[in-house]
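Each remark here refers to the structure printed beneath this line.
The values are calculated or read from the model by the stated rules, or taken from the named source; none is laboratory data. Predicted model, so just to flag it, every value in this text is computed and none were measured. Note that we place each Cβ from the backbone using ideal geometry, even for glycine, and neighbour counts take in every protein chain shown.
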Amino acid sequence: MGKLTVIGDVHGKFDAYKQIANGSEYSIQLGDMGFNYSELNTLDSFRHKFFHGNHDNPNEYNKYPHYLGRFGNANLNGVDFFFVSGAFSVDIMYRLHGNMNGQKGWWHEEQLTYNEMIECEKLYLETKPDLVITHTAPTKVIRDNFSTFTINRLGFSDNFQDHTSGLLQRMFEQHQPKLWVFGHFHRRISDNINGTEFVCLEELGFVDL
């Protein structure tokens, strides 16, 4: 294993997640951990961190020291990175009214607030990181690599842009890191844009840095 393992979406599959985390020295999970986090109590919160995606419960994840925060600079095992949590749920109408196995599955906190986005972009430009880890991706990466079928089926147009991917796109246009790792789309892809290597991790996929 490398100095830091980046782990993709978990969606409540904690046995598989813990197997990966326990096999790594340090790990960061990039969101969509799940709605119940009690399994985290078996993991060292100093070595294993996560931030939220759009399938996470803010009433619960804030209780755990494993939670890294909403955005910012971080260092795990000597690896510096910049992270940004959250994404827009295109299936919001299905999740808003408790249609996820009878429980609520959507919260306003899934995306950064307007003021948080301003602060996030400012900090990113001050830091100019070589490594970025996010839940979703910049708009161009999404449009170049993923089909619009799902968003079309849910009533969105091909050129739809959510606030989070728009923020990440602005950040990328102003500074290109060496490596950008994200999840959210449940498919392994690799793409190089303007010298930045983008890697999307599938559900429970991981990469060692």
Among the residues of segment 96-106, is any in contact with a Leu (Cβ under 8 Å, 6 or more places away or on another chain) and either among the polar types (S, T, N, Q) or modelled with pLDDT of 95 or more (or both)?
no
Among the numbered criteria (1) buried (at least 17 other Cβ atoms within 10 Å of the Cβ); (2) more than 23 Å from T136 (Cβ to Cβ); (3) in contact (Cβ under 8 Å) with a residue 40 or more places away in the chain, which single criterion is violated by L43?
(3)
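Looking at segment 77-84, is at least one residue among the polar types (S, T, N, Q) and at negative phi? So that I can check it myself, show each step before the final result.
So the first thing to find is which residues in segment 77-84 are among the polar types (S, T, N, Q), and the list is 77.
Now narrow it down to the ones that are at negative phi: none.
No, because not a single residue in segment 77-84 is among the polar types (S, T, N, Q) and at negative phi.
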Return the residues of segment 34-64 that are over 21 Å from Q19 (Cβ atoms) and in a loop (DSSP other than H, G, I, E, B); say none if nothing qualifies.
H52, N54, N57, N62, K63
With respect to E109, is the statement that it is at pLDDT 95 or above and in a helix (DSSP H, G or I) true?
no
Any residue at all in segment 112-132 that is assigned to a loop (DSSP other than H, G, I, E, B), on the phi > 0 side of the Ramachandran plot and modelled with pLDDT under 90?
no
Only one of (1) under 20 Å from L209 (Cα atoms); (2) part of a loop (DSSP other than H, G, I, E, B) is not met by G12, so which one is it?
(1)
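Please pick out the residue among D15, D80 that is under 22 Å from H186 (Cα atoms), modelled with pLDDT of 95 or more and loosely packed, with under 14 Cβ neighbours inside 10 Å. Lay out the reasoning, then the answer.
Working: D80 fails: under 22 Å from H186 (Cα atoms).
Just one listed residue meets the conditions, D15.
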Based on this model, can you work out whether A87 counts as in a loop (DSSP other than H, G, I, E, B) and in contact (Cβ under 8 Å) with a residue 24 or more places away in the chain?
yes
